[in-house]
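The values are calculated or read from the model by the stated rules, or taken from the named source; none is laboratory data. Keep in mind the model is a prediction, meaning the values are calculated, not measured. Note: ideal-geometry Cβ built from the backbone for every residue, glycine included; neighbour counts use all protein chains shown.
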Amino acid sequence: MKKLFTRIGAGLLAFTPALALAQFGGSNDIGEFVDQITSFINDVLIPLVFAIALLVFIWGAFRYFIYGGHDEESQKKGKSLMIYAVVGFVLMV
């Protein structure tokens, strides 16, 4: 247990400059870093989350209409997946 705390402490100590933003030389570096993070979120994360929500909606529609044609429980699961996807779309927009 003592080894675990030592490793955690060493890991936190190693990342202290990054947590304090001490690795940046000036305010321009921080602005560039924030711009990179923002562009990553806008260019990669948001389209990825929309794509996942679209896949969940399509999977829910498949379970509701095709896979769960005779099974009422499967239709409920498909309907709930579609509702969750629509709620996700609304929250993201």
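Brief remarks follow.
- Among residues of the stretch 67-93 that are at positive phi and modelled with pLDDT under 90, none has a beta-carbon under 8 Å from a residue that is in a helix (DSSP H, G or I) and among the small types (Gly, Ala, Ser) at least six positions away or on a different chain.
- The residues on offer are Phe33, Phe57, and the sole one that is within 26 Å of the chain's Cα centre (by Cα), assigned to a helix (DSSP H, G or I) and either modelled with pLDDT of 90 or more or among the small types (Gly, Ala, Ser) (or both) is Phe57.
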